[in-house]
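Worksheet: one structure, shown below.
FYI, it's all coordinate maths here, none of it is from the lab. Predicted model, so just to flag it, every value in this text is computed and none were measured. Cβ atoms come from the backbone with ideal geometry, glycine included; neighbour counts cover every protein chain shown.
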Amino acid sequence: MNKTILVLTGSPRTGGNSDQLAEAFIRGAQNAGNFVLRFDAGRKQIGPCIGCQACAGGNGGCAVQDDFAELSGYLQQADAIAIFSPLYWFSWPAGIKAAIDKFFSYYCSGTQTRVRESIFVVCGESDKMETYDSIVASYEHTAELMHWENKGHIVVPGVTAAGDVQNTPAIAGMEKIGTYY
């Protein structure tokens, strides 16, 4: 059965390693007949959650108007979400962090998105796997709160300069995962 998959990226750098991983996943997903929506949170204008709780009485989505409104629409169309991010200082880059913080609008209002399953892919310079523990834990808690079936996470370590990921088996692996996701 074909799905609509939301690919949420976090890098502010176009063409970086996490973008290349996302593009490989998208190729695989589209080759399998899935429809893909892409939202590059790291290159959008999304302000922080201001804790106004105006969302509490709503039906999901943030009351503060910015580019999160576009992502909110995608969350209502997608069956699944695949999140791709580089590691920035043991966590999310600011743009995707702001988007994830605004997922609170769904949690706070008790509104479910259409998304039912998720996967997370993170890459970074460090070769030490424990360096990725905090971002992985953040993803896992987010999936749980959003009631997504967590299909797992993948860490691609040791990639620094844009294109380093091309010298790893991760690109072929992402395309294959996209085919089966």
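Counted residue by residue at 0.36 nm each, then reduced by the alpha carbon distance between them, the extension gain from residue 168 to residue 4 reaches 56.3 nm.
Spin-label model, residue 161 to residue 70: label points 7 Å out along the Cα-to-beta-carbon direction sit 3.1 nm apart. Computed per residue of the chain from DSSP H runs no shorter than four, each worth -39500 (n - 2.57), the mean residue ellipticity at 222 nm is -10000 deg cm²/dmol. Per-residue Cβ neighbour counts within 10 Å put 89, 148 in the sequence 89, 148, beginning with the fewest. Charge dipole of the chain (Cα centre as origin; +1 on each Lys and Arg Cβ, -1 on each Asp and Glu Cβ, all else neutral): 360 debye, rounded to the nearest 20.
Shape analysis of segment 1-106 places it in the oblate category; the axes a ≥ b ≥ c from the Cα gyration tensor give an a/c of at least 1.5, with a/b not above b/c.
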